[in-house]
Amino acid sequence: MDNGRWQHYWHVFQSSRLGSIGAGIILLYLVIAIAAPLVAPFDAEERVAQPFLQPGGDYLLGTNDVGQDIFSEMVFGTRVSLLIGILAAFLSILVGCLVGIVAGYFGGKTDSILMRLVDLVLVVPFLPLMILLAAFIGPSFWNLILVISILSWASPARVIRSQVLTVKTKGFVEAARSIGSSVPTILGKHILPGVIPIALSQFVMAASHAILIEASLSFLGLGDPLNKSWGTILYYAQARNAFLTDAWVWWVLPPGVMITALVIGFAFTGYSLEEIFNPRLRKG
């Protein structure tokens with residue numbers, strides 16, 4: 001895709017208020033994740049005070065049941081939640097691109113088989129399958145990413161296949177076929193550039209969903225016990241009955257707000273990208 005087209009996309013994105021807000025939120029979280037040791041006043045694993053200390057003084061959000069600073073937990077949890085969301089989204093989009101491009105370009109039985117597989121993944125009840133896979137594979141950082149990817153690749157694959165069906169009818173693809181270009185050359189030089197914009201918008205939405213899934217699994221006790229994420233903070237808050245006491249204000253509400261804000265940021269950005277790459281969605 002030529003630079004002029006990308007410059008046009010960037011101009012449209014900058015003119016989108018929702019896109020700018022969403023990108024700003026994501027950028028803020030990235031800065032917090034990268035600079036976590038500088039932002040957090042304590043080590044998230046360090047016992048710094050007596051348990052169940054209320055907010056005040058050096059402890060902005062008080063302490064948890066073992067005396068760890070909750071604010072520091074949240075800051076370092078940004079790293080884990082964001083990293084899992086981005087890596088899981090990248091893997092699911094990678095698989096979705098592979099399946100969508102192969103199905104859309106080759107068509108016929110290949111398309112039929114792959115799309116039936118996509119349909120199977122989409123119709124299986126999501127929550128029970130998610131819990132079953134996470135419990136069977138076991139709780140760990142990479143297993144969480146694997147579970148989320150297994151459950152998230154099908155929808156992007158269908159969207160990307162639709163784009164491939166459009167791109168492969170273009171004149172430059174027909175010309176490449178007529179001069180005897182190999183299939184890898186056609187896919188890599190002509191088909192792939194046409195699906196990258198759609199894949200990018202799908203990636204942003206997949207990252208949003210991945211963060212929610214990670215938080216849900218961790219809240220159910222199926223997250224990585226060795227890494228603190230927002231979901232594990234909520235899990236331990238629930239296990240220590242924080243929901244039934246005043247501690248929910250500083251132990252439950254802040255990680256919930258962090259999750260909600262980041263998901264909104266990804267949603268705003270993804271919506272704006274979809275408007276950019278699909279002009280029919282634009283207003284006015």
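Data for the structure
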quantity: Peptide ranges 245-258, 46-59 listed from the most packed, as the mean C-beta count within 10 angstrom indicates; calculated: 245-258, 46-59
quantity: Under 12 Å from Lys189, Cα to Cα: aspartates and glutamates that are on another chain or at least 8 residues apart; calculated: none
quantity: Solvent-accessible area per residue for the chain (1.4 angstrom probe, square angstrom); calculated: 51
quantity: Calculated from backbone phi, Karplus (6.51, -1.76, 1.60) coupling profile of segment 99-115 in Hz, x at Gly/Pro; calculated: 5, x, 5, 5, 5, x, 7, 7, x, x, 5, 4, 4, 4, 5, 5, 6
quantity: Whole-percent carbon and sulfur share, accessible surface of the chain, 1.4 Å; calculated: 67
quantity: Helix 192-219 axis, angle to the chain major axis (alpha carbon atoms, nearest 10°); calculated: 30
quantity: Amide proton proximity set for Gln68, modelled H, under 5 Å, gap of 5+; calculated: Val48
quantity: Nitroxide proxy distance, nm - points 7 Å out along Cα→Cβ at Leu253 and Leu122; calculated: 4.1
quantity: Translational diffusion coefficient (Stokes-Einstein; Kirkwood radius from C-alpha pairs) of segment 86-154 at 10 °C, 1.306 mPa s, in µm²/s; calculated: 124
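The values are calculated or read from the model by the stated rules, or taken from the named source; none is laboratory data. In this text the structure is predicted, and so the values were computed from the model without any measurement. Please note: Cβ atoms are built from the backbone with ideal geometry, for glycine as well, and neighbour counts cover all protein chains shown. Areas reflect the complete protein model, heavy atoms only, side chains present, ligands, DNA and RNA absent. Shrake-Rupley method; radii C 1.70, N 1.55, O 1.52, S 1.80 Å.
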